[in-house]
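Okay, so here's the structure we're looking at.
No lab work stands behind these numbers, since they all come straight from the coordinates. Computed from a predicted model, the values in this text were never measured in an experiment. With ideal geometry, Cβ positions are generated from the backbone for all residues, glycine too; neighbour counts draw on all protein chains shown.
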């Protein structure tokens, strides 16, 4: 299991075995703090507590000082040892004190209890299987597939893939494997065999902050502090600079702390309609850091595409961009890179923030009327049937879904009602109707699209190259601040994310915030249309798959929707 995840931890590896308890902890390390042998994992503390850990703790310095004042002593400068000392001092109550991205397993040898925990935003993945008194866990689901008891495939995953373009938690490709919920820990008692799943923190929306001037001040202070914390490392790091608003803000703020040795990384294209080089140049020239720009050509995409598909742990129609930018970060010798992920979800950067209201009105129409367009060749009409699922799930799939249940049934040769039943079962989502509609959109993007696709893709694609992606917009203090801002302040303005524009107006080149939103994308439609690899895969599908491929070639199907089919066929689903 460690060997199959070696790409994400190329610097060191180790095992710990608990005598008489049938427990083994394994680790592959990507060294960013304390590069000495003292940072080796699994790590032990006081000969009682043992941990294997993936992530970064951004408040480890202040926590260390607090723990020292309480009598704790440290033998390393790692955040790993801080987690151990924190647990020794406060037990599971200490989990809520950890601010960063993390997934870990901690063994209390004296009590013979094991804890696995995951950060509040779900930035770091953690999969587990618990059956017949046996607990297994890993950062990637494919590592668990090596265990005979976990190898059984989840038969319904293609349905979710074609609906969402990814697998929504708790669904995985393995029937007996699921992700640990974010902000939760699982306690496993070796002596009794009992286990319990508990939440140690969560995020909630409110409207406590109404003073726009004060909000702007607090946002600036929180994001500046977040960037400063995210730059702490004993290894080289950089910033992904797409040329968009969020990455530009991060690059500008980071340059104030690490001007001499900060690296920015950007990708651009010969295809002018997709290239963002002029915006990248504006920011790079302004901050004067080491700018690394890469011209990505179509032939390189074709050469790399099979490897990219193989790098995916959970199937996803996105993440290809992260694979290339992370590859180039690794070539520059960087171990960590800051990403602007999270800004859109918290501050209203997506079209969904204006579309949730009309979608909610449509959802109130009679079910037969909503289903009238399910056979339509127009995407928005045939996806409208998703509104019959009710709640935010129906709205999400109406706005972001790939194929309608009718189309999925045809692609997979199964009854349409069975598709509806499968999609109704998971995920089970809360009722968010109590929130203002703009906050409903934020909740939806934060907990569905970002959680299940963007964060997962960022982690697995970067770790493939031994690079860690850090996300300052998801700093715990900043997230909690953003969720307390009244929607009338947070989302008001002429431009998407107007609040961020107002906060950093003086630092940002005007062309950055006045430009139309483009996203971090590639000229995929043309490239995929020219791919012999894709052509071969699609030719092996059924007639509906081949018909979809022909629609794509005619410009009638989005490239990401084709990707869902390509990934599914590449994984052997006929």
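Observations on the model:
- Each residue of region 337-476 gets 134 Å³ once the volume of the Cα convex hull is shared out per residue.
- Between residue 303 and residue 354, the FRET efficiency estimated from the beta carbon spacing at R0 = 56 angstrom works out to 0.90.
- Computed from the C-alpha gyration tensor, the three semi-axes of the ellipsoid equivalent to the chain are 35, 30, 25 Å, from longest to shortest.
- Judged by the mean number of other Cβ atoms found within 10 Å, the most tightly packed of the peptides 173-185, 471-483, 256-268 leads the ranking 471-483, 173-185, 256-268.
- Dimensionless Rg ratio for region 524-574, taking C-alpha atoms and the 2.2 N^0.38 Å reference: 0.98
- Over region 98-208, Cα pairs under 8 Å with separation of 6+ residues give a relative contact order of 27 percent.
- Contact order, relative form, for the chain: 16 percent (alpha carbon pairs under 8 Å, 6 or more residues apart, mean separation divided by residue count).
- Spin-label pair residue 436/residue 530, simplified geometry with 7 Å Cα→Cβ offset, distance in nm: 4.7 nm
- Per the Kirkwood formula applied to alpha carbons, region 456-509 shows a radius of gyration over Rh ratio, Rg over Rh, of 1.11.
- With the simple model of a label 7 Å out from the Cα in the direction of the Cβ, residue 189 to residue 257 spans 4.3 nm.
- Note on residue 295/residue 203: beta-carbon distance plugged into 1/(1 + (r/R0)^6) with R0 of 35 Å gives a FRET efficiency of 0.30.
- Over region 289-379, the pair-distance histogram of Cα-Cα distances with 10 Å bins from zero comes to 11, 25, 26, 21, 13, 3 percent, rounded to whole numbers.
- Label point of residue 425 set 7 angstrom out along Cα-Cβ; within region 128-159, amide nitrogens under 16 Å from it belong to 152-159.
- For region 157-290: Kirkwood Rh in Å [reciprocal of mean 1/r, alpha carbons]: 19.6 Å
- Label point at residue 228 placed 7 Å out along Cα→Cβ; residues across region 47-88 whose backbone nitrogen lies under 19 Å: 57-66
- For region 37-129, Kirkwood radius (reciprocal of mean inverse C-alpha pair distance, Å): 13.3 Å
- The packing ranking of peptides 450-462, 353-365, 45-57, highest mean first, is 450-462, 45-57, 353-365, where packing means the average number of other beta carbon atoms within 10 angstrom of each residue.
- At R0 = 41 Å, FRET efficiency that the Cβ-Cβ distance of residue 286 and residue 89 yields, to 0.05: 0.35
- In terms of its Cα atoms, region 245-337 spans 39, 30, 22 Å along the principal axes, sorted from long to short.
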